[in-house]
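The values are calculated or read from the model by the stated rules, or taken from the named source; none is laboratory data. All figures in this text were calculated on a predicted structure; none of them were measured in a lab. Note: ideal-geometry Cβ built from the backbone for every residue, glycine included; neighbour counts use all protein chains shown.
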Amino acid sequence: MKTMTRAGLAALLLGGILGAWAQGGRAQQEPRPADPNQKGVGEKVGEALDRAGRTIKKGARDLGEDVQRGFQHTRASVHSMGVASRVYGRLHWDKALQDARIELDADKEGVVTLRGTVPDAAAREKAVTLARDTVGVARVMDLTTIGPPTTETKTTETVEKSDGRTTVKKKVTVEKDRRP
């Protein structure tokens with residue numbers, strides 16, 4: 001807000017100075033003052049323009065610093081979220097994987113291991129791609145298998161922590177689809 005006020009004030013000042021200076025060309029027609037220490041209109045306008053320019057530069061610099069601080073805060077928030085939680089969220093909410101039964105493990109080095117059953121090769125590739133493209137993942141180990149479609153009846157989520165490893169599991173009670 002402070003930056004916007006400074007920039008607005010600088011623009012208003014600049015507009016007023018240019019308007020007064022351009023008004024009928026009078027600034028150019030005024031005689032030079034008798035006292036050499038006294039500044040003419042052109043010098044005053046030039047100084048005012050210099051001040052306005054410095055104010056605008058400072059406002060832009062302050063705005064840039066505010067944006068940079070905001071980006072760093074957002075980045076820190078994303079990094080403070082665990083790798084396993086980020087991967088789990090991406091896999092859980094992807095519609096192509098809603099029939100998949102995937103468990104994942106993530107260690108502190110960013111290695112994610114995917115285990116479980118997926119309905120087809122496209123779902124398997126989607127799970128691996130989502131995990132690999134998640135912030136903080138260094139490598140993905142795919143141990144999933146392609147299996148028959150399943151029907152989900154109950155979902156329970158658990159988070160276990162042991163020895164520096166975070167494990168997020170999506171446990172699903174399933175009934176196998178008995179279509180021929």
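Can you tell me which residue in the stretch 124-134 is farthest from the chain's Cα centre (by Cα), limited to those that are surrounded by fewer than 20 Cβ atoms within 10 Å (Cβ to Cβ) and part of a helix (DSSP H, G or I)? Explain how you work it out, then say what you get.
First, pick out the residues of the stretch 124-134 that are surrounded by fewer than 20 Cβ atoms within 10 Å (Cβ to Cβ): 125-126, 128-129, 132-133.
If we keep only those that are part of a helix (DSSP H, G or I) as well, we get 125-126, 128-129, 132.
Details: E125: 26, K126: 23, V128: 23, T129: 20, R132: 18 Å.
Ranking the candidates gives E125 first.
Counting only residues that are in contact with a helix residue (DSSP H, G or I) (Cβ under 7 Å, 6 or more places away or on another chain), more than 20 Å from R139 (Cα to Cα) and not in a helix (DSSP H, G or I), the stretch 95-117 holds 1 of them. Set side by side, the residues G24, G42 differ, and just one is in contact with a helix residue (DSSP H, G or I) (Cβ under 8 Å, 6 or more places away or on another chain) and either modelled with pLDDT of 85 or more or in a helix (DSSP H, G or I) (or both), which is G42. When we screen V172, V137 for residues that are at pLDDT below 80, outside any helix (DSSP H, G or I), of a type outside the set (F, W, Y) and buried (at least 18 other Cβ atoms within 10 Å of the Cβ), the only hit is V172. Within the stretch 104-116, no residue satisfies the criterion of being over 13 Å from R132 (Cα atoms) and buried (at least 20 other Cβ atoms within 10 Å of the Cβ).
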